[in-house]
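Reviewing the structure listed below.
The values are calculated or read from the model by the stated rules, or taken from the named source; none is laboratory data. None of these values were measured; they are calculated from a predicted model. Note that each Cβ is placed from the backbone with ideal geometry, even for glycine, and that neighbours are counted across all protein chains shown. Note: areas computed on protein heavy atoms with side chains; ligands, DNA, RNA excluded. Shrake-Rupley method; radii C 1.70, N 1.55, O 1.52, S 1.80 Å.
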Amino acid sequence: MQDERLGIDDLRPRGLEKRTLMDLFMPRRRPFILFDPDRCTGCGTCEILCSTRNTGKIAPASASLRIVRDDARGRNLAVYCQHCRKPLCVEACPTRAMTRGEDGIVRIEKLFCTSCGLCTAACPEAAPLRDGRTAEIRKCDLCEGDPLCVKHCPNGALSYTKGKAFRWIKGVRWTVQLISFLLLVMVFLGTFCYFNAGSFGLSCPTGTLQNIFATGRIVLAGLASFLAIFLLTVLLGRFFCGWLCPFGFVLDLVDRIIPKKFGLPKFLKTRMAKYGILGGAAAGSAAFGFQVFCTVCPIGTLCRSYGQQGMFRGAEMAIVPLLAGLELTERRSWCRYFCPVGALLALFAKLHLLKIVIGAKKCKKFSCIQCAEVCPMGIIDGDKLREGLSPEIPMTECIGCLRCLDRCPYGAAKIRFRWQKGVPGEVTGAEVNR
Amino acid sequence: MAGRDERIRRIEKESGIDRCVECGRCTAVCPMVEMYVNFSIAMSPRGIIKKALTGEAVAADRNLWYCTECNAGTDACPQGVSCRDLVRGLRRLVLDAGKPEEMNVCPGCGGPFLAVPVEDFVLGRLKDEPPNVKNWLKLCPACRREGYLRRNA
């Protein structure tokens, strides 16, 4: 029945968000107002100014922004439109009067609005959309890029942002990844597996492990680099996976290009699988007397692909596109579930010194949750953040790419030492039930 | 109850439904057409007004609870009839007598929040959202703000 008749979607189709090539590398930023509860005194200047712009009268009830005051604790919170990335009001509006513009500002088109107020029902931020005096629906349009409330806040509690102007971590990471890819694959021929630069030698820990099992002998040089990587991983976490791994770099590139189409079958989606593969590789090496996994290791094949031996060594090179194809399911699925090199590093990372904390107090739960989306390992629990709790981030799975830190516009994601407690903004289970 | 009939009459008078000329403009602009698959004349503002005019028991009608209390019908009416005021008044009358099953209450404060069909529509539109977002949206805006204040400030 619904399908037969014309609906509002036929008359007024929702514009699809256009993605340009530029967006791949410089994602469009969302303009919004930031609020710092520590600075707010609850004076209400913002409400007054907003109402003068809205109606030409001083009437805080008509403002598109409201200060909620908790007198017992002496805390205030400004409630206003966050211009969500995926605005629920736009979804809920029965007449499609709400639109999200090219510039990211969510606006109401007066012509179509019937003031039904379903947007207020659908707004998770509870932004004051309905005028308290005239019952009209009106919303914050950020004063078209120059918000009055921000300009006149006497304590600087409000600030206007178009997102971080320059994501430096991102730039640094891509550069490091590119350099390490060039170095490991092209300059030091045949190499992350083992390379010697002068007196400095380093070899792949998983390779070393298999070697030990295969030959039954412990080579001192191998053990030394094993120890070096162990110490570095304890210090910095699985930074190798996020910053240096040449195959990880390929995966990150592939991820930018191909869309996520399929889901992995449930039985494959276990993070323990990689430990199994690691164990299997060690056992296989002991049984056959050579490094079993190394023959199919995507990092190894990639490293060995360039040089005199030739770019394409037949069947071996097929591993790379095959495993990169896993990106069609989830980001870095190889790293998440299967990579035994990562598994060994994860075992080292159990002794991590650093941790990443996401402060639920600073997080704007519903309008953003970008951290969970950008995390290539999928270890940030967005649902937990929405419930107002800081998610626990398993450092054995974290590859230290710092995308969460880079993206969070509220500064909620932080690096802390493992033993640090009571990180500002962190909310654990016990606190929220108070 | 005499008081109840009197109140109904007052509501009808205040919303000016005796001036209605049955042009149907209110129904033409009503967003309910978009919202409900089972939209019918009985549910439309014109149907409700007609029922009120002919003296049927409109307050007990289930169709009363589909309205979003928007202002479109009132804006469009050439006679200045406010169908919103009529519906709002009648709903308040029913709510005063006790909570009807067509009205959702906010799990936070217990006050009436949205009519069941309206909330069904909103949650239907947002069906792809995670369950904790939907649960959050069952709270009334005032309770959401309180919750935010507790969690974020």
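Of the residues A:206, A:191, which is modelled with pLDDT of 75 or more and either in contact with a strand residue (DSSP E or B) (Cβ under 8 Å, 6 or more places away or on another chain) or surrounded by 14 or more Cβ atoms within 10 Å (Cβ to Cβ) (or both)?
After ruling out the rest, the residue left standing is A:206.
Within the range A:118-143, how many residues turn out to be open to solvent by less than 10 Å² (accessible area, probe 1.4 Å) and either free of Cβ contacts under 8 Å to residues at least 24 places away in the same chain or over 22 Å from residue B:136 (Cα atoms) (or both)?
2
Which pairs do you get when a residue that is more than 7 Å from chain B (Cβ to nearest Cβ) and among the charged types (D, E, K, R), found in the range A:58-82, comes within reach of a residue that is crowded, with 19+ Cβ neighbours inside 10 Å and part of a strand (DSSP E or B), reach meaning Cβ atoms under 7 angstrom, with the pair 6+ apart or on two chains?
A:66/A:79; A:69/A:76
Would you mention how many residues in the range A:365-399 are open to solvent by 10 Å² or more (accessible area, probe 1.4 Å), of a type in the set (A, V, I, L, M) and closer than 21 Å to residue A:274 by Cα?
Looking only at that region, the number is 4.
Quick one: count up the residues across the range B:1-38 that are within 16 Å of residue B:51 (Cβ to Cβ), open to solvent by 40 Å² or more (accessible area, probe 1.4 Å) and β-branched (Val, Ile, Thr).
0
Does any residue of the range B:40-56 turn out to be outside any loop (DSSP other than H, G, I, E, B), touching a Cys at 6+ places or on another chain (Cβ under 9 Å), within 14 Å of another protein chain (Cβ to nearest Cβ) and surrounded by fewer than 21 Cβ atoms within 10 Å (Cβ to Cβ)?
So far as the range B:40-56 goes, no, none of its residues is outside any loop (DSSP other than H, G, I, E, B), touching a Cys at 6+ places or on another chain (Cβ under 9 Å), within 14 Å of another protein chain (Cβ to nearest Cβ) and surrounded by fewer than 21 Cβ atoms within 10 Å (Cβ to Cβ).
Do the conditions hold for residue A:88, that is, is it within 13 Å of chain B (Cβ to nearest Cβ) and under 27 Å from the mean Cα position of the chain (by Cα)?
Details: within 13 Å of chain B (Cβ to nearest Cβ): yes; under 27 Å from the mean Cα position of the chain (by Cα): yes.
Here the answer is yes, as residue A:88 does meet what is asked.
If I ask for residues that are open to solvent by 10 Å² or more (accessible area, probe 1.4 Å) and either in contact (Cβ under 8 Å) with a residue 60 or more places away in the chain or aliphatic (A, V, I, L, M) (or both), which ones from the range A:345-356 would you list?
Scanning the range A:345-356 gives A:347, A:348, A:351, A:352, A:353, A:354, A:355, A:356.
Does residue A:113 count as more than 10 Å from chain B (Cβ to nearest Cβ) and open to solvent by 10 Å² or more (accessible area, probe 1.4 Å)?
When the stated conditions are applied, residue A:113 does not pass them.
Residue-by-condition table, conditions (1) exposed (fewer than 11 other Cβ atoms within 10 Å of the Cβ); (2) at pLDDT 75 or above; (3) within 27 Å of residue A:181 (Cα to Cα):
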position	(1), (2), (3)
A:265	yes, yes, no
A:280	no, yes, no
A:300	no, yes, yes
A:321	no, yes, yes
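Could you grab me the full set of residues in the range B:71-82 that are within 12 Å of chain A (Cβ to nearest Cβ) and of a type in the set (A, V, I, L, M, F, W, C)?
Passing the criteria: B:72, B:76.
Quick one: residue A:149 ticks every box in (1) within 26 Å of residue B:72 (Cβ to Cβ); (2) surrounded by 23 or more Cβ atoms within 10 Å (Cβ to Cβ) except a single one, so which number is it?
Going through the list (1) within 26 Å of residue B:72 (Cβ to Cβ); (2) surrounded by 23 or more Cβ atoms within 10 Å (Cβ to Cβ), residue A:149 breaks only (1).
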